[in-house]
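J.: Quick one: this structure, given as structure tokens, is what I'll be asking you about.
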Amino acid sequence: MASFPTEVKIVEVGARDGLQNEKSVTASDKISLINALSDAGIKNIEAGAFVSPKWVPQMADSAEVITALNLPHVNLSALTPNLKGAQAAHAVGIKEFAIFTAASESFCQKNINCSIDESIERFSDVMAFAKANNIRVRGYVSCVLGCPYEGEIDPHKVLSVSQKLLDLGCYEISLGDTIGVGTANKVTQLLTLLLEHIDKSKLAVHFHDTYGQALTNIYAALSLGIATVDAAVAGLGGCPYAKGASGNVATEDVVYLLNGLGIEHGIDLQRLSSAGWKITQALGKTPVSKVSIALGNTQK
């Protein structure tokens with residue numbers, strides 16, 4: 001029997017995961033986007049990444065962007081893959097770090113050039129720094145439902161990696177379908193296993209929409225009580241190491257789904273849609289979100 005949550009936390013990843021592959025975005029565009037997302041009622045926003053500008057030049061202005069924001073009621077998080085990144089994020093007031101690994105050895109090697117176990121060992125300095133400074137850490141696990149190099153992923157591998165991140169001190173694990181190959185049945189199988197060992201309050205879902213299954217997969221997760229969903233406004237995003245992977249599920253579409261289910265989320269859909277149109281116009285494209293397209297462009 002389905003057990004839907006009464007309230008869902010949306011973690012907006014458009015400003016980081018969504019924009020990290022866009023070449024034309026400016027710091028001003030990012031600041032405007034994050035402020036617009038806050039105005040729409042979003043309380044959890046991944047605002048940047050403190051990574052090497054050599055590898056992700058689009059995130060080189062993260063400190064500038066975050067310093068320009070004045071959003072005391074919003075939880076701003078940032079990707080911090082190493083101690084240097086964690087220290088830089090802390091210096092501009094970030095109160096939540098995000099670290100990332102994968103459930104696929106091949107993807108881990110391609111993405112961060114090390115094994116899964118090595119990736120987790122690398123985070124020990126970040127975790128110690130976070131603990132010393134009272135900063136929460138969120139763990140991302142990529143390729144939980146499939147890998148571009150290995151194909152299907154054993155759910156027990158996802159369980160093992162998730163437990164290691166929780167043991168390390170992460171308060172929550174975001175389960176990523178990086179290449180968007182998951183189906184509702186696969187999601188149900190994976191979560192049923194994980195929920196035998198991990199409390200639902202410690203799990204979030206992060207689905208890409210490559211095969212158009214993201215909303216269906218989110219519905220499957222919600223029916224099992226998962227109450228945290230990652231999404232990107234206008235469906236921004238993709239993965240540079242996963243050929244053919246389209247963007248994240250659109251936040252507007254997730255909000256519309258939640259509205260239909262009567263689940264609280266605290267977000268104004270019209271304002272959210274306007275934010276999506278504005279950032280996509282700045283990028284010279286249109287939203288991927290079907291809901292935003294149906295609502296129409298109020299930015300004209």
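The values are calculated or read from the model by the stated rules, or taken from the named source; none is laboratory data. Everything numeric here is computed off the predicted structure, so don't read it as measured data. Note that we place each Cβ from the backbone using ideal geometry, even for glycine, and neighbour counts take in every protein chain shown. The area values use the complete protein model at the heavy-atom level, side chains included, leaving out ligands, DNA and RNA. Shrake-Rupley method; radii C 1.70, N 1.55, O 1.52, S 1.80 Å.
J.: Take the conditions in contact with a strand residue (DSSP E or B) (Cβ under 7 Å, 6 or more places away or on another chain), open to solvent by 10 Å² or more (accessible area, probe 1.4 Å) and either among the polar types (S, T, N, Q) or within 27 Å of SER160 (Cβ to Cβ) (or both) and apply them to ALA227. Does it pass?
T.: Judged against the criteria, ALA227 is a match.
J.: Out of all the residues in the range 17-45, which are open to solvent by less than 20 Å² (accessible area, probe 1.4 Å) and within 19 Å of GLU172 (Cβ to Cβ)?
T.: The answer is ASP17, ILE42, ILE45.
J.: Of THR183, THR210, which residue is open to solvent by 40 Å² or more (accessible area, probe 1.4 Å), free of Cβ contacts under 8 Å to residues at least 40 places away in the same chain and within 16 Å of the chain's Cα centre (by Cα)?
T.: THR210
J.: Out of everything in the range 1-10 that is aliphatic (A, V, I, L, M) and over 11 Å from HIS265 (Cα atoms), what residue ends up being modelled with the highest pLDDT?
T.: Checking each candidate, the answer is ALA2.
J.: Would you please name the residue that is nearest to THR80 (Cα to Cα), looking only at residues in the range 35-45 that are touching a residue at least 40 places away in the same chain (Cβ under 8 Å) and assigned to a helix (DSSP H, G or I)?
T.: In this case the residue turns out to be LEU37.
J.: Restricted to the range 46-105, and to residues that are aromatic (Phe, Trp, Tyr) and not in a strand (DSSP E or B), which residue is surrounded by the fewest Cβ atoms within 10 Å (Cβ to Cβ)?
T.: TRP55
J.: When both residues are 6+ apart or on different chains and their Cβ atoms are under 7 Å apart, which pairs have a first residue that lies in the range 117-132 and is of a type in the set (Gly, Ala, Ser), and a second that is open to solvent by 40 Å² or more (accessible area, probe 1.4 Å) and outside any helix (DSSP H, G or I)?
T.: Close Cβ pairs satisfying both conditions: none exist.
J.: Determine whether GLU64 is farther than 26 Å from MET127 by Cβ, modelled with pLDDT of 95 or more and among the acidic types (Asp, Glu).
T.: Here the answer is yes, as GLU64 does meet what is asked.
Rundown of residues vs (1) under 20 Å from VAL141 (Cα atoms); (2) modelled with pLDDT under 95; (3) more than 17 Å from the chain's Cα centre (by Cα), yes/no style:
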residue	(1), (2), (3)
LEU193	yes, no, yes
HIS206	yes, no, no
ALA220	yes, no, yes
CYS239	yes, yes, no
TYR256	no, no, yes
GLY262	no, no, yes
SER273	no, no, yes
ILE279	no, no, yes
ALA282	no, yes, yes
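J.: Restricted to the range 5-16, and to residues that are open to solvent by less than 10 Å² (accessible area, probe 1.4 Å) and part of a loop (DSSP other than H, G, I, E, B), which residue is nearest to THR178 (Cα to Cα)?
T.: Taking the candidates together, the pick is VAL13.
J.: Moving on to the next point. Is at least one residue of the range 159-167 open to solvent by 10 Å² or more (accessible area, probe 1.4 Å) and under 17 Å from the mean Cα position of the chain (by Cα)?
T.: No, because not a single residue in the range 159-167 is open to solvent by 10 Å² or more (accessible area, probe 1.4 Å) and under 17 Å from the mean Cα position of the chain (by Cα).
J.: Take the residues in the range 265-289 that are farther than 23 Å from ALA227 by Cα and charged (D, E, K, R), then tell me which one is most open to solvent (accessible area, probe 1.4 Å).
T.: By that ranking, first place goes to LYS278.
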